[in-house]
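Notes follow once the structure below has been shown.
The values are calculated or read from the model by the stated rules, or taken from the named source; none is laboratory data. Just so you know, these numbers come straight off a predicted model, no measurement behind them. For neighbour counting, all protein chains shown are included, and Cβ atoms are generated from backbone atoms with ideal geometry for every residue, glycine included.
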Amino acid sequence: MTDSVLADTRASAGPVPSTEPRSARPTNGAGTSDRNTRRDLCSSATDGAGFSLMVGLTETYFAALFVTVGLSDFAVGVMVTLPYLLGSLLQLTTPWGVQRLRSFRRWVVWNAGLQGLSLVGLAAAVHWGWVQFPALLVLVSLYFAAGLATAPVWNTWIEKLIPRSVRAQFLSRRMRICQFCLMVGIVIAGYVLWLATSHAVRLHVFTALLLAGGVARFVSAWMLHRQSERPHWLAGLTTAPALTEDDRAGLAASRRVIPYCAAMQLAIFCAGPYFTPFMLRVMELPYWQFTLLIMLGYLGRIVTLAWAGNVARYFGQATLLWIGGVGIIPASGLWIFYESFWFLCVLQFVAGAAWACYELGMMLVFVERIPQARRVVMLSWYNAINGIGMVLGSLLGGWIIWSWSGVVAGFLIVFVLSTGLRLAALVLFPFALLRGVGQGNGPLYMFYPAPDPNSRTLLRPFYAFGDNPGNRVPQDDAGPA
């Protein structure tokens, strides 16, 4: 992949910039530059593959694991959201950590390794029967804290690492690799769980899946370690440049989106964490049907992303956010027709398409206006605010289900309530942005959707790459833009 990307762009873009300082370049600089760039591109693609495989094998089935180890419906909902909140609070140390280490790479690699270790710890807990709520809470919180701390820094690092001349083509291919590996992980995990004939065997399967996910993340961390870094790339993080008028206007627009997104998170997670207990305990779906529903939601995202990107380009990012925000409103309430499995299959696919519009629109509207030098801090705080909305929503939904003693009616009330709250959240929609977002050719963004359309609407994993001059950090001519 890396050779073809370089070959396709060399003729039109000229030599690929070196990732080394001028003083360190050998006389045959072009060849060395190509070798370094190939190494970076190959390592980045392998890192994405390992990370995506980990998510497919493990994180996609976290709620199913909690059901299997015997947590109550209420505890499952809290376990899906509270670790994310705790993790998002811990990752507020990200700007301090990067400044302290003076390195993107060290911060990302250490947190990637910690995420892998948390999965190994989860595997040990499941194997040895240490599945009490506090133990699981600590391990899953470490998992999310490490992942959330990694994402904003990786976003900034990779934008500087990949030469602008090959960035669009490489990231497009990298995203396809990530999508394929995530899908492979989901299918493999679902298949082996379906083959498990007893509760004890299923626990052993989960142990193996968690270990495999940890190994995949360790491979990802090693690939991150192999990628280049230059000291001046930290400029703007340790000494942030003064904001221009356009920067201030952009930050104000981004802040305008936060109340709407936080309200939607509360509405979404009122029901989102409880779809898995509903499918596995109430509907008693076999794992092949459970996996199929997850896959269809994901496929709906994939096939819609290209169309959604065109809508954002020609009609404005806020228009796309509005389309997605309206589209996801009935997605949970229509589960009252749960007795028809094939209806749920169609619903999942259509809901996945609506989620693609909402998530991509939300991320474009929010991130595009943040100056690059402020992106790490803003995304860290945004994740924390999201976590608060998620926990409040899960507590509300869990309390209702607990009040109804976990019967079908309690779940259906929560699903319908979630639809009502999503509708009410539109009151906070930033309608002013519908007039203010430009149209035509905009920045290039690469979006990697989360696996579960019911319970995952996160800014992680998400990476944006724009050619908006206001978001650029000055760079010398020697390194990648």
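Return yes when residue 189 is surrounded by fewer than 23 Cβ atoms within 10 Å (Cβ to Cβ) and either in contact with a helix residue (DSSP H, G or I) (Cβ under 8 Å, 6 or more places away or on another chain) or farther than 26 Å from residue 79 by Cβ (or both) and no when it is not.
So residue 189 does not fit the description; no.
Pairs meeting the criteria (first residue in region 335-355 and under 24 Å from residue 308 (Cβ atoms), second residue among the charged types (D, E, K, R) and in a helix (DSSP H, G or I), beta carbons under 9 Å, at least 6 apart or on different chains) are 352/301; 353/301; 355/301. All told, residue 421 meets the bar of being under 20 Å from residue 321 (Cβ atoms) and either at pLDDT 50 or above or assigned to a helix (DSSP H, G or I) (or both).
Return a yes/no flag: does region 111-119 have any residue that is crowded, with 22+ Cβ neighbours inside 10 Å and over 17 Å from residue 217 (Cβ atoms). No, every residue in region 111-119 fails to be crowded, with 22+ Cβ neighbours inside 10 Å and over 17 Å from residue 217 (Cβ atoms).
Residue 63: touching a strand residue (DSSP E or B) at 6+ places or on another chain (Cβ under 9 Å), in a helix (DSSP H, G or I), crowded, with 20+ Cβ neighbours inside 10 Å and of a type in the set (A, V, I, L, M), yes or no? When the stated conditions are applied, residue 63 does not pass them. Taken over region 176-186, residues that are surrounded by fewer than 16 Cβ atoms within 10 Å (Cβ to Cβ) and not β-branched (Val, Ile, Thr) amount to 2.
Residues checked against (1) part of a helix (DSSP H, G or I); (2) closer than 15 Å to residue 58 by Cβ; (3) within 21 Å of the chain's Cα centre (by Cα); (4) modelled with pLDDT under 90:
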site	(1), (2), (3), (4)
123	yes, yes, no, no
126	yes, yes, no, no
173	yes, no, yes, yes
188	yes, yes, yes, no
205	yes, yes, no, no
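The helices (runs of 4 or more DSSP H) found wholly in region 279-398 and carrying at least 3 residues that are surrounded by fewer than 23 Cβ atoms within 10 Å (Cβ to Cβ) occupy 287-315, 317-327, 341-367. Within region 400-407, does at least one residue satisfy the condition of being hydrophobic (A, V, I, L, M, F, W, C), within 16 Å of residue 325 (Cα to Cα), out of contact with any Lys or Arg (no Cβ under 6 Å at 6 or more places or on another chain) and modelled with pLDDT under 90? The answer is no; no qualifying residue exists.
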